[in-house]
Amino acid sequence: MDYRYGSHTVFKIQYHFVFVTKHRYKVLKGDIGLKVGELIRHLK
């Protein structure tokens, strides 16, 4: 696991993205979803 250390702390940052739309419409689909997924994985 990848932990970060401060002078008096140890922490691990994780992200959870939530897109709330009317009627649970899928926002990230098709090419846009693939590109966003690629960008998020690149940030790791």
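A few comments on the model shown:
- Contacts under 9 angstrom Cβ, first residue in the range 1-21 being touching a residue at least 24 places away in the same chain (Cβ under 8 Å), partner among the aliphatic types (A, V, I, L, M) and surrounded by 10 or more Cβ atoms within 10 Å (Cβ to Cβ), 6 or more apart: 15/40
- Checking each residue in the range 1-24 for being in a helix (DSSP H, G or I) and either basic (Lys, Arg) or surrounded by 10 or more Cβ atoms within 10 Å (Cβ to Cβ) (or both) picks out 22, 24.
- The single residue among 34, 39 that is exposed (fewer than 10 other Cβ atoms within 10 Å of the Cβ), in a helix (DSSP H, G or I) and of a type in the set (A, V, I, L, M, F, W, C) turns out to be 39.
- Flag for residue 27 being outside any helix (DSSP H, G or I) and exposed (fewer than 10 other Cβ atoms within 10 Å of the Cβ): no
Rule-based calculations on the coordinates, nothing more; no lab input. The model shown is predicted, which means the values in this text are computed figures rather than measured ones. Here the Cβ is made from the backbone with ideal geometry for all residues, glycine too, and neighbour counts use every protein chain on show.
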